[in-house]
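Structure first, then comments.
Readers should treat all values here as calculations from the given coordinates under stated rules, not as data from a laboratory. Remember, it's a predicted structure, so these values are computed and weren't measured experimentally. Here the Cβ positions follow ideal geometry from the backbone for every residue, glycine too, while neighbour counts run over all protein chains shown.
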Amino acid sequence: MNHGQPLSSPAAIPGDRFDVAVIGGGAAGLFCAAEAAERGLSVVVLEHANKVGKKILMSGGGRCNFTHLHASPDNYRSQNPHFCRSALAGFSPYEFLSRVEAAGIGWVEKSPGQLFCAKSAKDLLAMLLTDCEQAGVQIAVNAAVEVTTLQAPFTLRTGSRQLSAGKLVIATGGLSIPKMGASGFGLDLARAAGHAIIPTRAGLVPFTLTGRPAEEFCDLAGISTPVTLQAGAASYTDALLITHRGLSGPAVLQASSHWNAGDAITINWLPGAQLDDLLTAKGSHRQLSLHKWLAQQLPDRLAQRLVERSGGDCNLQQSSNATLAQRLQALQSWSLKPSGTEGYRTAEVTEGGIATDEVSSKTLESRRVSGLHFIGEVLDVTGELGGYNFQWAWASAMACARAL
């Protein structure tokens, strides 16, 4: 099977009538389609891009962080924080992992609970496509869709072909990474069905810097170091990566979901350091400078820059304890105001989406249009960085497939 390549063109789909039409060939759409078809339903997947599973292939540096073993409702943001509970409880990370293992796909745990494909995300996409193929799912790519009847039986037009389906599943994802085919189709259709939309914005996204902050840091692009970064009331301890345009890395991506335009962020460049550490170094090394001490904790060029921007270098033994306490405090409460974010162009997810008040948490079915279901990122459910969004895709898809 030519995984990820066109399986059929819109005009080549056999038959006009299906039990289920799934719009969107990403993680949630493919998984839901396979599960529904295995239950005896005729299923078609319609993907407007030239390949299915593009975001699966590019995620996790090409190795796909496909779940997090400790995923719980607390790891998700939504206007209705309880909405995700039922689906997550109905299909656990371990259940998806068992399918990965049954398919012979090796996996690695990079940090506690965070699972990646051992070799390539292509293996995971191949698993999903094989499941679809064996269950008889029809997949069409390059299939721009128009829903011409928004009630059961639903009628859809793609190219010159008209299809009908008793159930319609919207798995079109969010607005993130438009070059991968992201669009507002699912949100527009939900609006047409009378659903409210929670305002969307780029989530898990790098910060951009301009002006003085850019002058201070962007020439250090490529340097990465563990920090504690605070935005609003949220705080994350993880790696920060300096880029040519601003700041990225896990700590930044996590914090971006809690940042509001115009606000400053606070960076603790030495999250594990105590004043006693600095005073011990002062008593032990007569010629030790603040720069040299800091370079033991951070990359040298970054250490030098931070010292320069926070009062200049000094000999530890020639500095009072009070002065050293002030210098350390400055390094551990560094205020910086991003000019913005990279936006949807590089965002991992889209925050906001279809309001969940009129969607069943058990079946993912619209309470406004019978037979219409929404799964995955198109809904107002956004996970943290680390495999949580893929787990929501699998769990919401499974809940929907069982209901279909």
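Pick out, from P178, Q114, T130, the residue whose Cα sits farthest towards the positive end of the charge dipole of the chain, with +1 on the Cβ of Lys and Arg and -1 on the Cβ of Asp and Glu.
Of the options given, the answer is P178.
Sequence gap at least 6, Cα distance under 8 Å: using those rules, report the relative contact order of the chain to the nearest whole percent. Write out the running numbers ahead of the final one.
On the way: 899 pairs, mean separation 96.8, N = 404.
Reported as a whole number, the value is 24 percent.
Taking N as the number of residues in the stretch 288-404, what is its Cα Rg relative to 2.2 N^0.38 Å? Each step should come with its number before you reach the end.
On the way: Rg = 25.2 Å, N = 117, 2.2 N^0.38 = 13.4 Å.
Ratio of Rg to 2.2 N^0.38 Å for the stretch 288-404: 1.88.
Within straight cross-link reach of K362, meaning Cα distance under 17 Å, which lysines are found once same-chain residues fewer than 8 apart are removed?
K167
At 0.36 nm per residue, minus the direct Cα-Cα distance, what do E216 and L69 gain on full extension? Give it in nm, one decimal, please.
49.0 nm
Taking 45 Å as R0, compute the FRET efficiency from the Cβ-Cβ separation of R17 and S339 and round it to 0.05. Display every interim value, and only then the final one.
Numbers: r = 53 Å, r/R0 = 1.17.
It comes to 0.30.
Give me the distance in nm between label points sitting 7 Å out from Cα along the Cα-to-Cβ direction at E109 and Q318, one decimal.
Reported label-point gap for E109 and Q318 is 5.2 nm.
Using only the Cα atoms, work out Rg/Rh for the stretch 192-313, with Rh taken as the Kirkwood radius, to two decimals.
Ratio of gyration radius to Kirkwood radius for the stretch 192-313: 1.10.
What dipole magnitude, in Debye to the nearest 20, does the stretch 261-332 give about its Cα centre under +1 on Lys/Arg Cβ and -1 on Asp/Glu Cβ?
Details: 7 positive and 6 negative charges, 42 e Å.
Once rounded to the nearest 20, the dipole reads 200 debye.
Once R0 is set to 35 Å, what does the formula 1/(1 + (r/R0)^6) return for the Cβ-Cβ distance between R161 and E38, expressed as a FRET efficiency to the nearest 0.05?
0.85
So what is the calculated 222 nm ellipticity per residue for the chain, using -39500 (n - 2.57) for each DSSP H run with n of 4 or more, over all residues, to the nearest 500 deg cm²/dmol?
Per the formula, -9000 deg cm²/dmol.
Nothing charged except the Cβ atoms of Lys and Arg (+1) and of Asp and Glu (-1): what's the magnitude of the dipole of the stretch 201-286 about its Cα centre? Round to the nearest 20 debye.
Here the stretch 201-286 has a charge dipole of around 40 debye.
If you take the charge dipole of the stretch 257-404 about its Cα centre, with +1 on Lys and Arg Cβ and -1 on Asp and Glu Cβ, which of G376, A261, A395 is farthest toward its positive end?
Final value for the positive-end residue is A261.
Only bridges whose two residues both fall in the chain count here: according to DSSP, what percent of them are antiparallel, nearest 5? Kindly include the intermediate steps, with their values, before the conclusion.
Details: 44 of 61 bridges.
Of those bridges, close to 70 percent are antiparallel.
If you put +1 on each Lys and Arg Cβ and -1 on each Asp and Glu Cβ, how big is the dipole of the chain around its Cα centre, in Debye rounded to 20?
That gives a dipole near 380 debye.
What is the Rg over Rh value, at two decimals, for the stretch 85-227, using alpha-carbon atoms and the Kirkwood definition of Rh?
The Rg/Rh ratio comes out at 1.05.
Do you know the relative contact order of the stretch 88-227, to the nearest whole percent, from alpha carbon pairs under 8 angstrom that are 6+ apart?
RCO, the stretch 88-227: 8 percent.
Give me D for the stretch 305-357 in µm² s⁻¹, whole number, from Stokes-Einstein with Rh from the Kirkwood sum over alpha-carbon pairs, 10 °C and 1.306 mPa s.
Translational diffusion coefficient: 105 µm²/s.
What is the calculated FRET efficiency for D277 to N50, with r their C-beta to C-beta distance and R₀ = 51 Å, to the nearest 0.05?
For R0 = 51 Å, the calculated efficiency reads 0.40.
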